[in-house]
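What follows is a short report on a single structure.
The values are calculated or read from the model by the stated rules, or taken from the named source; none is laboratory data. Everything numeric in this text was worked out from a predicted model, so none of it was measured. Positions of Cβ are backbone-derived with ideal geometry, glycine not excepted, and every protein chain shown enters the neighbour counts. Heads up: the accessible areas ignore ligands, DNA and RNA and are worked out on the full protein's heavy atoms, side chains in. Shrake-Rupley method; radii C 1.70, N 1.55, O 1.52, S 1.80 Å.
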Amino acid sequence: MNHFIKRALVFTCAGLAAVSVFVFFLMKTESRQFKKFAREERAAALSKAARVCASALAGDKALAPRGFLAAAPARATAMSLLDPKGIMLMHADLMEGGVTQPHQPAQFPELQKAALSPTTIWESFEKDGKKLELGAAPLYSDSGERVATLTVLFDAGQTAEIVSKLKRKTLKRMAPAAVLLFLLGAALAKCMSCCRRPCGTPETAEPGNSKQKDQEGLLHRVIHDLRNPLGAMINQTETVASGLRGPVNEAQEKSLRTVIKNGNYLMSLVNDVLDAAKLEAGKMDFTKAEVGLKALAEDVLELAKPTASEVKVELGPPDAAAEARVWGDEQALRRVLTNLVFNALKFTPEGGSVRILHSKTAEGHDRVGVQDTGIGIPEDKIKTLFQKFSQIEETKDKVRKSKGTGLGLVICKEIVEAHGGKIWAESVYQKGTTFFFTLPPKA
């Protein structure tokens, strides 16, 4: 299978896995929140019914069937009033709306237990294949004497049914993101297998060229449409991970952070593909001005410090004079330097170093370099560095396993050439690499 198609399928699987994990935890969180709300609602309903019954008993020493029925909580299936010995004084079948006064011992052991409990209790049990939940509250007179116990029976299956509906709604909400991820992978697989023209090579009027353009256009449209739902997925996952939707344990938070990390990686892929397309089409606007190179280099190295510390690679001070100025778009040049520095860190083993260099060419152009003491690049592979989705098998994952879109150097090349400069690499395999780019002075 073509290497590029494999990568497209890997991206798709990673995205679908991220969505799946996110949906799983979202459904668990929503289910937990609803169950908590249902418990609180039932507890409040039981407390309210107990107050009504206690008030009636305190005033009249008796409770009329109609008043007993009116005190029943919503969504309850049955309600009983027991004396302190467990004799059922009154029973309401709330499904049929009838009230009886059996004056017989309660038949269920759960009711007998409730009649003896000094505090409010909740019990879950099964009867005739149904999951039921029993709430019981003791009723006391003004003198503190226990006069009765009120029990309310709820059908726990109703909660399970509502939770199931919530899960179906969640799946429907997330389905568009999953479909878009699938379409992205399909488009990547198709376009990567066709769009392998080296960056900067002029297009020809071959019959297949129009088809290639259509395929690239489809890729860009699909990726563009993916950005918003992917961003929403990342934001929602961060909300859940932060505990704003309910408590999250350590294992759940770790899984959610993995979703966020992979989601951000996919977002960087989306942005790189769109930016590369925009640069190739000449639609990226640049605001050029004099830029202090040393200050810019120091900012980029400061940004790279945590990564360099993690991989134990030294970042040397920039070899540029304090007064050095280059002509270009500051944010675009920052992106070029950032891409090159992080690329150098990726292929430099522990104990190595990375430096930013500056000098002048014979023509008076500024020459900027990023030098590393990494594993280098085979001479015959240097020419493939600036091709879309290019990765060199001799160096891939040799220093450490890392992710990459294969577009970073393409974007660097397009930015430098849009500034009227050139970019190239000089490398000795197993010894190190230096990426140079030139920038002409202000015209």
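Ligands, DNA and RNA excluded, the heavy atoms of ARG51 present near 150 Å² of accessible surface to a 1.4 Å solvent probe.
How large is the Kirkwood hydrodynamic radius of the stretch 246-403, counting all unique pairs of alpha carbons, in Å? Kirkwood hydrodynamic radius for the stretch 246-403: 18.1 Å. How large is the Kirkwood hydrodynamic radius of the stretch 382-436, in angstrom, based on all distinct alpha carbon pairs? Here the Kirkwood hydrodynamic radius works out to 12.3 Å.
Eigenvalues of the alpha-carbon gyration tensor of the stretch 238-324, scaled by 5 and square-rooted, set the equivalent ellipsoid semi-axes at 35, 23, 12 angstrom, largest first. Checking the cross-link pairs LYS283/LYS398; LYS305/LYS398; LYS28/LYS85; LYS261/LYS360; LYS401/LYS442; LYS28/LYS278 against a 32 Å limit on the alpha carbon distance flags LYS283/LYS398; LYS28/LYS85; LYS261/LYS360; LYS401/LYS442; LYS28/LYS278 as lying beyond it. Under 11 Å from a label point set 7 Å out along the Cα-to-Cβ vector of LEU69, the amide N atoms of the stretch 92-111 belong to 92-100. Counting only protein chain heavy atoms and rolling a 1.4 Å probe, the accessible areas of THR287, THR361, THR100, THR237 rank, largest first, as THR287, THR100, THR361, THR237. Nonpolar atom fraction for the stretch 239-336, defined as the carbon and sulfur part of the 1.4 Å probe accessible area, stands at 48 percent.
Please compute, over every Cα-Cα pair in the stretch 76-162, the percentage with a separation greater than 20 angstrom. Value for the stretch 76-162: 33 percent of Cα pairs lie more than 20 Å apart. Here the extension length gained between GLU280 and ARG400 equals 40.1 nm, from 0.36 nm per residue of separation less the Cα-Cα distance. In this structure the stretch 82-132 gives 67 Å² per residue of accessible area when probed at 1.4 Å with all protein chains present.
Each of GLY292, LEU357, LEU345 was placed along the dipole of the stretch 249-402 (beta-carbon charges, centred on the mean Cα), and the one lying farthest toward the positive end is LEU345. What you get for the stretch 258-370, charging only the Cβ of Lys and Arg (+1) and of Asp and Glu (-1), is a dipole of about 180 debye around the Cα centre. The solvent-accessible area of GLU110, taken with every protein chain present and a 1.4 Å probe, is close to 50 Å².
Given a Förster radius of 60 Å and the C-beta distance between GLU393 and GLN33 as r, what FRET efficiency does 1/(1 + (r/R0)^6) yield to the nearest 0.05? For GLU393 and GLN33, the calculated efficiency is 0.75. Here the gap between LYS360 and ILE87, fully extended at 0.36 nm per residue and compared with their Cα-Cα distance, gives a gain of 88.2 nm.
How much length, in nm to one decimal, is gained on full extension between SER117 and ASP319, taken as 0.36 nm per residue of separation minus their Cα-Cα distance? Mind dumping the intermediate values first?
On the way: separation 202, 0.36 × 202 = 72.72 nm, distance 8.06 nm.
Contour length minus the Cα-Cα distance gives 64.7 nm.
Label positions at ALA295 and GLU310, each projected 7 Å from the Cα along the C-beta direction, are separated by 2.9 nm.
Average the reciprocal distances over every distinct pair of alpha-carbons in the stretch 299-345, invert the result, and give the Kirkwood radius in Å. Final number for the Kirkwood radius of the stretch 299-345 is 11.7 Å.
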